[in-house]
1. Averaging the inverse of every distinct alpha carbon separation and then flipping it gives the Kirkwood radius. What is it for region A:373-455, in angstrom units?
2. In terms of the ratio Rg/(2.2 N^0.38 Å) built on C-alpha atoms, what value belongs to region B:166-251?
3. Modelled label-to-label distance, residue B:319 and residue B:147, 7 Å Cα→beta-carbon offset: nm?
4. Bin by bin, in steps of 10 Å, what percent of the Cα pairs in region A:302-428 do you find, going until the bin that has the longest distance?
5. Take each of the peptides A:435-443, B:237-245, B:294-302, average the number of other beta-carbon atoms within 10 Å over its residues, and list them starting from the highest.
6. In degrees, nearest 10, range 0 to 90: what is the angle between the Cα axis of helix A:183-192 and the longest Cα principal axis of chain A?
7. Kindly provide the Kirkwood hydrodynamic radius of the protein assembly as shown in Å, to one decimal, from all pairs of distinct alpha carbon atoms.
8. If you take each beta carbon of peptide A:34-40 and count the beta carbons of other chains within 10 angstrom, what is the mean?
């Protein structure tokens, strides 16, 4: 591929959205472009957006799948609000995404798909390429399908198979446009089609044809470069939240020196964690695809009882089903990690769309007084550390912990500064091996004075045979007890056990230390809130940001932090669940700002809202 | 026990060693007492150290059982014992895991877990105390109550056809299926012995009398005056006959899918190891709600890989191929894929 002969422009950031039919391979295309971009050293943030249907009817609006990648020469926090470039593989992809495009953005359209039939499917009477409807944008019509087929004329592939390589043509073109290094993509194709050399050759040829087309056609007069970002030194990889979370669980097992037992039932958007962990048996990780959500958590709890790190991964509907078993784990005081990759509810809701509306369920969604620890990752790579933290709390304090991820961080990706294994927290615990009273008895509910944890006496330990169960326990002995004073004591003890878990103070980001407005967030809203705050500060509008990782227990300094500001704003992708907690607990008149559209906040939305608060109080 | 992964103790234990310090609190006259005594009396035979034995139960009268056994035990939640026990057994091949459940616990609220534990052939010994009634909730009909049963929740008779628990277990691919009776200690222990020797899921239905809410449910096959005319004792390798002077035979009529009881004729010779579950299923169909011809004993006892062994083998195979320490492998895993370095 020859050196570029065209004008090269420097950009500091670009947002590209690849959109097509769900069978067009847009997720793969976006993923490869992201990988190339990572190799170059740009900072990256990505957002896939796809329908729940595996293959919705071809060419229809519900069938549109897209992948957005934001890359820059500085550190970025979100996948970007509005694309600078839209790649639209068919009329549906154009129509579904047009509203998000700012004027002047580039649109690359696959003209081969703009047939009368495809246009009719999405309600275009006349092609928007011909009636001037796209006058606000810079449109690049490209006969992507037919040029791909032509490039593969000698490949021996059928026309239909050749057409399927059109996503690689698009990738080649975009890789040329943004001067991406493509060696990793060629290697990827060799791996992916290792058993089909003809497909390796065809996909590479399609990629090259796309690249060459960019170089030769007059339709593209400018080529762009985005320089590497200044990032902390170290080794990076691009990672999605689900993958990071799975690796965090692997790491937790290694650092605890315990086998990990995952019980899971397939559910969007959590299944990828099950898939990933099923590959890592050499770490002693057992994955059980259970018959249902209840069995999944039951098996995990059974494994915890036997001395493993029991984990179950699911989404909101699954947590609802697991509630009774989680309550049992609270009564048994055994470690258990419950991962909830939140999606839009209620009921089946929108399984592939994001939401933060399971916070109430995580905090309160069980019968009786049933407290547990709740933590939430703030970004894709943070899922790794959050998983380790969840395991640490579960193991140290012998409690179930709910880890509240969501679809946005689970499927989004960003560069991850790889940690040194030796620097990860040491999670080793000791099992009880001996009686714990002076007269040689074993009392299963005699607590460690510091952690309030009861001994973890696993079956197989001689002399410590004991019975536990869901009936109320007598303090210390663990015998069945209906004593009123004992129940009151145990309920308060279980609450205190969680409340007393030490968690780090919440930190406030207020670089100029002059803000009067604090934005408080939790979980995946970290990126958009952070981007909005930065934008405001650049405009001279001071605003402070605090972000919660621990939702239960809350950081000890939170009340003090909240009371130090004139105004506290809490943006959430729910109807104000954290705001409720904060108002009830701290008597702070926090202002909720809520969006439950199934999509993450854009930085611009938050910036506009916060600008009003900062200026007008 | 037939699992080579479970240790054996040289110490001779007695029934007393298996009694916990908890006061037994079933209703006076409950069939559960007899079962508890039979199990405690049988346990020393296993030769397994107490600490390697775990009883897991659900909810219901029967599920109080673990509190009374001086082993490890968990009284869990309604219907979920097979699921919890599956996680325990699959991750701890050194444990002998027993599930104690009832007709409501196993066949109603926990039906799904029961059938899936059986199909996986998890190395669990599942004792289902069937009294055909809900006792702990004070007398509602259960999924094994006979059609038309009048109970607190069905004052004019239930409209639910009952399960045949053995047919259900066989349909769920169970490898070991047996039935016994609470009051026949010798038979109960012989069935427990066979169950314990079986590697994989062993499903044992124990007819158990609830003297408060369903007294006499099994009287026809317990009363010495009637039982011999109705109770069919299955013995491996023996002809299946019963009644005075063995006057009844269980036969397989030509052209029929099922088995029949008839006077005289050539009885079938019982073989629980027949691979085709159709035979054990046909045996299970001999008895209905009326108990008129009720086989007890081991219906089916066949070998199939256990879930536990398959899970452990995959782990061992992967670990045998692994190179380096866990920390090194973890570091390699984190650094896998397309990485880049910033200096």
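1. 15.2 Å
2. Details: Rg = 14.3 Å, N = 86, 2.2 N^0.38 = 12.0 Å.
In units of the 2.2 N^0.38 Å rule of thumb, it is 1.19.
3. Each label point lies 7 Å from its Cα, and together they span 5.3 nm.
4. Per 10 Å bin, starting at zero, the Cα-Cα P(r) for region A:302-428 comes out as 13, 43, 33, 11, 0 percent.
5. On the way: A:435-443: 12.7, B:237-245: 14.3, B:294-302: 22.9.
Answer by packing, highest mean first, reads B:294-302, B:237-245, A:435-443.
6. So the helix axis and the longest Cα principal axis differ by about 70 degrees.
7. Roughly 31.3 Å, rounded to one decimal.
8. 2
Here, each number is a calculation from the coordinates, and none is a lab measurement. The model shown is predicted, which means the values in this text are computed figures rather than measured ones. No Cβ is skipped: glycine too gets one built from the backbone with ideal geometry, and neighbour counts run over all protein chains shown.
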